[in-house]
Amino acid sequence: MILSPYIDTAISVLFILVLMSLVASFLNETWVDRFNYRGRFLRRMLDDIFSDPINRDFTSLLYRHPLISALYERGKKLPVYIPTHYFSRALVETMADYADNQKIAFEQNPETLEVTPVIQDTPEGLFEKYREAVQGLKHSPLKVLLHSFLMNSKNKSELLKESENWFESYMTQGSYWYKAKMQTRLFIVSFFLVIFTQFDIIITTQQIFNNDILREKISNAAVLFSQENKSLSSVDAQSAKEIIEALNQDIKLPIGWDTQPFQWRNIFGWILSAVLISFGAPFWFDLLGKIVNVRKISSAPSNSKA
Amino acid sequence: MRIYNCHTHIFTLEDTPEGFLKYGLGFLPDWVLELLKRLVLKKWMARLALKLLRKPYAVKGLSFHLVGLLSTSSQVFRNLQKFYPPGSRFVVLPLNFAHVGLGDLKVPYAQQLDELIQVKRSFPNDCLLFVHIDPREDTNENNRKFIEKYLERGFSGIKMYTPLGYYPFDPRLEEVYRLAEEKAVPIVSHCSQGGIFYAGKELPKSFLRPQSFNPQAGGKYEFEAAKNEVFCDHFVHPERYIDVLEKFPKLKLCFAHFGWDTIEHRRKRIYHRKELYEGVKKLLLDERYPNLYADISYSLFDKKFSKQLKADFEANPALQDKVVFGTDYFMTLQEKLTESQLYEGFRADVGEAIFTKLAYENPKRFLTSAYYRAS
C-alpha cells in the first residue's frame with residue numbers, strides 16, 4: 001500500500017514521542033515533588049490574597065492554624081492541598097483570633113505583682129469576632145474581600161459557606177494557572193531531556209522513514225503497545241524505559257549521542273522536539289491510537305485480497 | 001535571686017526586610033543576591049556556611065539567619081529560657097526594620113508585636129516586652145499615641161535603635177520622651193558602633209543636617225557624608241543624647257552595649273572606641289541625670305571587658321548602680337558561646353555581689369514604671 005511507509009513512520013515517531021513524554025513527565029513530577037512546587041504554588045496563591053502589607057500577613061497566620069499546619073508533610077513540606085471546609089474554618093477562626101489578639105492586655109495584680117493576660121471587650125461567638133476583626137482592618141483589597149463574605153451571610157454557617165465557595169472558585173482558577181506553569185516547566189525539562197538523549201525529531205523521522213527494517217520494528221512495537229494499553233494510566237516511566245531498552249536490544253533506535261553527532265541544525269530540532277514532548281504523553285498516546293486504527297482500516301482490504 | 005536579662009531578641013527572619021542580604025553584599029547584582037538568599041534560606045546551607053566561614057560579619061549574619069530560620073518567636077523565647085534558672089525574666093526587644101532602606105518587610109511591624117503578645121500570653125511574668133519606636137513612622141503626637149497604646153496593653157518599655165536612621169533628638173520623638181519621663185518608662189537605646197545600620201542607597205539630607213527638638217546653644221548639627229555603615233556611627237554617639245537629657249533630665253534611659261566600643265572593631269569607624277565608652281560613663285555618673293543606665297549586652301562575651309568593668313566599678317562605686325545585665329541573645333551566637341556560657345562566665349568574672357546588683361537590683365529599679373512594677 002502506497003501510504004504505508006508514511007503511516008508507519010508516523011506511528012513510529014508518535015510512539016517515540018509517547019515514550020519521551022512519559023520520561024519527561026516523570027522527571028518533571030520528580031522535580032515538582034522534590035522541591036514541593038505544588039505546595040509553594042498554593043502558598044503563593046494565598047499570599048497574593050491574604051498577605052496584606054497594610055494590615056497583617058494573614059497567610060502566615062492561616063498556615064499556623066492547627067487545621068492547616070497538620071497538613072504539612074512530616075511537619076516541614078507545605079501542604080499541596082487544603083480541603084475547602086478546612087480553609088473556611090481556619091480563615092474564620094484566624095480572624096476571630098486576630099480580633100482577640102487586638103484586645104489582649106496584661107494586668108498586674110498590685111499586691112502579688114503577678115501579671116495575667118486579659119481579653120477585654122471582645123464579642124462572644126465566631127461570627128461576631130470575625131466581623132469585629134474585619135471592621136478593625138485598614139482599608140485594603142483583603143478587607144474588601146473579607147467584608148464581602150460578611151455581606152452575604154447572617155451567621156457562622158453562612159459565613160463558612162461563603163468563604164468555602166470563594167476558595168473553591170479560587171482553587172479552580174488556580175488549577176488553570178498551575179497547568180500553564182507546568183506546561184512551561186515541562187518544556188524546560190523536555191528541552192534538557194532532548195539534549196541529554198540527543199533526540200532531534202527531524203533527523204529521527206528521516207532515519208525511520210529511510211530505514212525499512214527500523215520502521216517496521218518500531219511501528220510493530222507501537223501497535224502492540226497501543227493494543228496492550230487502553231490508557232496510559234498503566235504505563236509509567238519505568239515501563240517506558242523498559243520498552244526503550246527492549247527496542248534498543250533488538251534494533252538501534254535513532255536516538256543518542258553515539259548515533260547522532262552534533263550538527264547546528266540540531267538546535268532547531270531540539271526546540272521542536274521539546275515543544276512536541278511538552279504536549280504530554282496522553283496527547284501523543286491518543287493520537288497514536290487513532291493512527292493505529294487508520295493503519296488497521298487501510299491494511300484490511302489488502303489482507304482480504306491476500 | 002531572680003535574674004533579669006535586660007536585653008534579648010526573639011524576632012525571626014520573617015520580621016526582616018526582603019533585601020536583608022544587601023548588608024555587606026550590596027555590590028552584587030540583585031539576581032545573585034536573590035539566588036544567595038534562596039540558598040541561605042535552606043537551614044542545612046546556613047549551618048554549613050556557618051561552619052566554613054571565618055568572616056565575623058558574615059558569621060554574625062548567618063547566626064542570626066539560622067535562629068530566625070529555625071524558629072518562631074515563641075520557640076526562640078523558650079530556647080532562651082532553658083539557659084536560665086526558672087523564674088528568670090527577659091526584656092524582649094523588637095525591631096522595626098521598615099525604614100532601614102532594604103525594601104519592604106516580609107510581615108508588617110505590627111505583626112511582630114502581635115507575635116510578641118502571643119509569647120507574653122504564654123509567659124506573662126517572664127517575658128517583658130518593649131516596643132520599638134522609629135520616629136519616621138508618624139508624627140510626634142501619633143508616635144506618643146502608638147507607644148501609649150502598647151504600654152497600656154502591658155508592654156514594659158521602649159526600644160530605640162538609632163543606627164536604623166534617626167537621631168535621638170529627632171523632633172518626632174519629643175512627645176515619646178515626655179511620656180516616658182512622666183511615667184518613668186524605661187528606654188533601651190542601641191549605643192554602639194557596628195551592628196545593623198541604615199542601608200538605603202543614598203543618605204537622606206536630614207541625616208547630614210538634622211533638626212533637634214532642643215538644639216544646644218548655637219548648636220546646629222552638620223555631618224559629612226560617608227559610607228552608610230560608617231556614617232551611622234553619628235547616630236549612636238552619647239553626645240547626641242545631650243539635647244534629650246537637657247529637656248528630660250529624669251528620663252530613664254539605658255545605653256545598650258556599654259563597653260562594646262572598647263572592643264577592637266574589624267572595620268574603620270568614625271569615633272574612637274574609648275571616646276564612646278568614656279562618653280557613656282561620664283553621662284552615667286552625671287548627677288543631673290539620675291535615671292541613666294547602661295547594659296553590658298554583647299560586650300560581656302569579652303573577658304577583657306569584664307576585667308575593665310570590674311576595675312571601673314572599683315574606681316567609681318556609683319557606677320555599680322548604673323549598669324544592668326543583658327546578653328543580646330541571639331546576636332551573641334556569632335561568638336560561638338552558648339547563652340549559659342555567656343552569663344555564667346560573666347557571673348563568675350564579676351563576682352556574686354556585683355552580679356546581684358547588675359542582674360537583679362538595678363533592673364528592678366530600671367524596669368519599674370507607672371505601667372509595671374518589677375519584683
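The values are calculated or read from the model by the stated rules, or taken from the named source; none is laboratory data. Everything numeric here is computed off the predicted structure, so don't read it as measured data. Positions of Cβ are generated from backbone atoms using ideal geometry, with glycine treated the same way; all protein chains shown enter the neighbour counts. Only protein heavy atoms, including side chains, enter the accessible area calculation; ligands, DNA and RNA are left aside. Shrake-Rupley method; radii C 1.70, N 1.55, O 1.52, S 1.80 Å.
Points worth noting:
- Within the stretch B:363-375, restricting attention to residues that are farther than 13 Å from B:Ser88 by Cβ and touching a helix residue (DSSP H, G or I) at 6+ places or on another chain (Cβ under 6 Å), the residue that is nearest to the other protein chains (Cβ to nearest Cβ) is B:Tyr371.
Yes/no matrix, rows are residues, columns are (1) part of a helix (DSSP H, G or I); (2) under 24 Å from A:Phe106 (Cα atoms):
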{"residue": "B:Arg136", "(1), (2)": "yes, no"}
{"residue": "B:Asn143", "(1), (2)": "yes, yes"}
{"residue": "B:Phe146", "(1), (2)": "yes, yes"}
{"residue": "B:Tyr150", "(1), (2)": "yes, yes"}
{"residue": "B:Lys159", "(1), (2)": "no, yes"}
{"residue": "B:Tyr166", "(1), (2)": "no, no"}
{"residue": "B:Glu174", "(1), (2)": "yes, no"}
{"residue": "B:Tyr177", "(1), (2)": "yes, yes"}
{"residue": "B:Ala180", "(1), (2)": "yes, yes"}
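- Pairs, first over 18 Å from B:Gly87 (Cα atoms) in the stretch A:111-122, second among the charged types (D, E, K, R) and open to solvent by 80 Å² or more (accessible area, probe 1.4 Å), C-beta under 6 Å, six or more apart: A:Val118/A:Glu107
- Looking only at residues in the stretch B:141-162 that are touching a residue at least 40 places away in the same chain (Cβ under 8 Å) and farther than 22 Å from B:Ile196 by Cβ, the one that is nearest to the other protein chains (Cβ to nearest Cβ) is B:Gly154.
- Residues within the stretch A:245-291 that are part of a loop (DSSP other than H, G, I, E, B), of a type in the set (A, V, I, L, M, F, W, C) and over 17 Å from A:Val194 (Cβ atoms), tallied: 1
Okay, residues lined up against (1) within 14 Å of chain A (Cβ to nearest Cβ); (2) at positive phi; (3) at pLDDT below 90:
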position	(1), (2), (3)
B:Ile10	no, no, yes
B:Tyr23	no, no, yes
B:Pro29	no, no, yes
B:Val32	no, no, yes
B:Arg38	yes, no, yes
B:Leu41	yes, no, yes
B:Tyr57	no, no, yes
B:Ser88	no, no, no
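- Selection of the stretch B:240-277 for residues being outside any loop (DSSP other than H, G, I, E, B) and at pLDDT 90 or above yields B:Arg240, B:Tyr241, B:Ile242, B:Asp243, B:Val244, B:Leu245, B:Glu246, B:Lys247, B:Leu253, B:Cys254, B:Phe255, B:Ala256.
- Only listed residue being among the acidic types (Asp, Glu), open to solvent by less than 50 Å² (accessible area, probe 1.4 Å) and out of contact with any Asp or Glu (no Cβ under 8 Å at 6 or more places or on another chain), chosen from B:Glu174, B:Glu202, B:Glu182, B:Glu222: B:Glu174
- Any hit, the stretch B:119-126, residues being open to solvent by less than 10 Å² (accessible area, probe 1.4 Å) and within 10 Å of another protein chain (Cβ to nearest Cβ): yes
- Looking only at the stretch A:115-138, and only at residues there that are away from chain B (no Cβ under 14 Å) and in a loop (DSSP other than H, G, I, E, B), the one that is nearest to A:Lys154 (Cα to Cα): A:Gly125
- Selection of the stretch B:238-253 for residues being within 21 Å of B:Lys274 (Cβ to Cβ) and open to solvent by less than 10 Å² (accessible area, probe 1.4 Å) yields B:Pro238, B:Tyr241.
- One residue stands out among those in the stretch A:157-200 that are part of a helix (DSSP H, G or I), charged (D, E, K, R) and out of contact with any His (no Cβ under 8 Å at 6 or more places or on another chain): the one that is surrounded by the fewest Cβ atoms within 10 Å (Cβ to Cβ), which is A:Lys179.
- Among the residues of the stretch A:142-156, those that are without any contact (Cβ under 8 Å) to a residue 24 or more places away in the chain, in a helix (DSSP H, G or I) and open to solvent by 60 Å² or more (accessible area, probe 1.4 Å) comprise A:Val144, A:His147, A:Met151.
- Cβ pairs under 9 Å, 6+ apart, first in the stretch B:198-221 and of a type in the set (A, V, I, L, M, F, W, C), second at pLDDT 90 or above and open to solvent by 70 Å² or more (accessible area, probe 1.4 Å): B:Phe213/B:Arg172; B:Phe213/B:Lys247
- Evaluating A:Tyr86 against the criteria (1) outside any loop (DSSP other than H, G, I, E, B); (2) away from chain B (no Cβ under 11 Å); (3) open to solvent by less than 50 Å² (accessible area, probe 1.4 Å) leaves one unmet condition, (3).
- Residue list for the stretch A:21-75, restricted to those being assigned to a loop (DSSP other than H, G, I, E, B) and either of a type in the set (Ser, Thr, Tyr) or under 28 Å from A:Gln183 (Cβ atoms) (or both): A:Phe35, A:Asn36, A:Leu71, A:Tyr72
- Matching residues in the stretch B:90-113 - criterion: being part of a helix (DSSP H, G or I), at the interface with chain A (Cβ under 9 Å from one of its Cβ atoms) and open to solvent by 10 Å² or more (accessible area, probe 1.4 Å): B:Ala110
- Count of the stretch A:104-128 residues which are open to solvent by 40 Å² or more (accessible area, probe 1.4 Å) and at pLDDT below 90: 4
- Against the conditions (1) more than 14 Å from chain A (Cβ to nearest Cβ); (2) open to solvent by 10 Å² or more (accessible area, probe 1.4 Å); (3) over 17 Å from B:Ser189 (Cα atoms), B:Pro290 satisfies every one except (3).
- Checked against (1) over 17 Å from A:Phe167 (Cβ atoms); (2) touching a strand residue (DSSP E or B) at 6+ places or on another chain (Cβ under 7 Å), A:Thr59 passes all but condition (1).
- Scanning the stretch A:104-127 for any residue that is aromatic (Phe, Trp, Tyr) and more than 22 Å from the chain's Cα centre (by Cα) turns up at least one such residue.
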